[in-house]
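Okay, so here's the structure we're looking at.
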Amino acid sequence: MKHVFLASILAGALALPAYAADYTIIAPANPGGGWDQTARSMQTVMQQEGISGNVQVQNVPGAGGTIGLAQFASQQKGNPNALLVGGYVMVGAILTNNSPVSLKDVTPIARLTGEYEAIVVPASSEIQTMKDLVEALKKDPGAVSWAGGSAGGTDHIAVGLIAKAAGVDPTKINYIAYSGGGEALAAILGSQVTAGISGYGEFESQVKAGTLRLLAVSSAERIEGIDAPTLKESGVDVVVENWRMVAAAPGLTDEQKTAVEADVEKLAKSAGWQEVLKTKGWQDTYLAGDAFEQQLAKDISATETVLKDIGLVK
């Protein structure tokens, strides 16, 4: 009986789902923005798909993600259960803030998503089209205020490129940086700024509700399901795609890194994640391994060039 009892316990234990270790995901921004949405979407899908039994999300906002990055690099060294969400915005913030900590100080795992920029104004605004906004920008760049994410991030870069394409000195733009999507949205809805710029997903519900007017998107071609012209169609020769990535802690063993990569790959290829991409309007830009590290190096170099062009980096 004793042996039968032990065998029953063992069989029961083997029948339990084999979860990977619990994860903590750092979203280096306030709640409401793209990184926070990415982290919480990862949390939901990893738990639903059985990739991890317990996933926690922590917000560490400030300085375009570089505060969260620095904290993550110093406090999580060698911890295979810690993940960090980052992306194009962080690349720009590292350069503009002259951050002593960079993405070389963590372990990049994969690029997960891509998202195009959306330019909006309050529904009550006199500005009806992107052409109207560009005309106002040409007339008096300083009088046109833009609400977006952190200084040097995708939103800021896109505004600088829009100004440059319109023949306006990019260093004259009046860009107001917010560390969380919720704060920027409140400023736009409250008509405290002329226009707002961010990923379409952060504005979608307000656009559909009619409280925001969508002027244009920064894709090369029109996006299915989004009723707006591209910047190019509006006479502004600019295409910008934001992307988001996930990194692991520094100092992992090869085995630990491989295990994290396997879990992130399961996430990226799961039915639950594909549904999130569809719901959020995010592009599937999954790229991992050496290919991602090579692309990341190219993106960092290209971003530095753009930031110098618009006067944000000397």
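The values are calculated or read from the model by the stated rules, or taken from the named source; none is laboratory data. Keep in mind the model is a prediction, meaning the values are calculated, not measured. Here Cβ is always computed from backbone atoms with ideal geometry, including for glycine, and neighbour counts include all displayed protein chains. Just so you know, the surface numbers come from the protein's heavy atoms only, side chains and all, with ligands and any DNA or RNA stripped out. Shrake-Rupley method; radii C 1.70, N 1.55, O 1.52, S 1.80 Å.
Here are a few things to note about the model shown:
- Every listed requirement among (1) part of a helix (DSSP H, G or I); (2) more than 26 Å from GLU49 (Cα to Cα); (3) of a type in the set (A, V, I, L, M) is met by LEU267 save one, (2).
- For region 32-64, the set of residues classified as farther than 16 Å from ASP155 by Cβ, in a loop (DSSP other than H, G, I, E, B) and in contact with a Phe, Trp or Tyr (Cβ under 9 Å, 6 or more places away or on another chain) consists of GLU49, GLY50, ILE51, GLY53, ASN54, VAL60, listed by residue number.
- Only one of LEU133, LEU161, LEU95 that is touching a residue at least 12 places away in the same chain (Cβ under 8 Å) and in contact with a strand residue (DSSP E or B) (Cβ under 9 Å, 6 or more places away or on another chain): LEU133
- The residue of region 156-203 that is nearest to GLU241 (Cα to Cα), among those that are open to solvent by 20 Å² or more (accessible area, probe 1.4 Å) and of a type in the set (S, T, N, Q), is SER179.
- Yes/no for SER124 being modelled with pLDDT of 95 or more, surrounded by fewer than 22 Cβ atoms within 10 Å (Cβ to Cβ), among the small types (Gly, Ala, Ser) and outside any helix (DSSP H, G or I): yes
- Considering residues of region 32-57 that are among the polar types (S, T, N, Q) and touching a residue at least 40 places away in the same chain (Cβ under 8 Å) only, the residue farthest from GLY199 (Cα to Cα): SER52
- All positions within region 98-121 that are outside any strand (DSSP E or B), in contact (Cβ under 8 Å) with a residue 40 or more places away in the chain and either of a type in the set (A, V, I, L, M) or over 16 Å from GLY64 (Cβ atoms) (or both): LEU103, VAL106
- The number of residues in region 262-314 that are aromatic (Phe, Trp, Tyr) and open to solvent by 30 Å² or more (accessible area, probe 1.4 Å) comes to 1.
- Hits in region 62-101 (condition: under 22 Å from GLY33 (Cα atoms) and open to solvent by 50 Å² or more (accessible area, probe 1.4 Å)): ILE67, GLN71, ASN97
- Candidates LEU214, LEU252, filtered to the one that is in contact (Cβ under 8 Å) with a residue 60 or more places away in the chain, at negative phi, within 22 Å of the chain's Cα centre (by Cα) and open to solvent by less than 50 Å² (accessible area, probe 1.4 Å): LEU214
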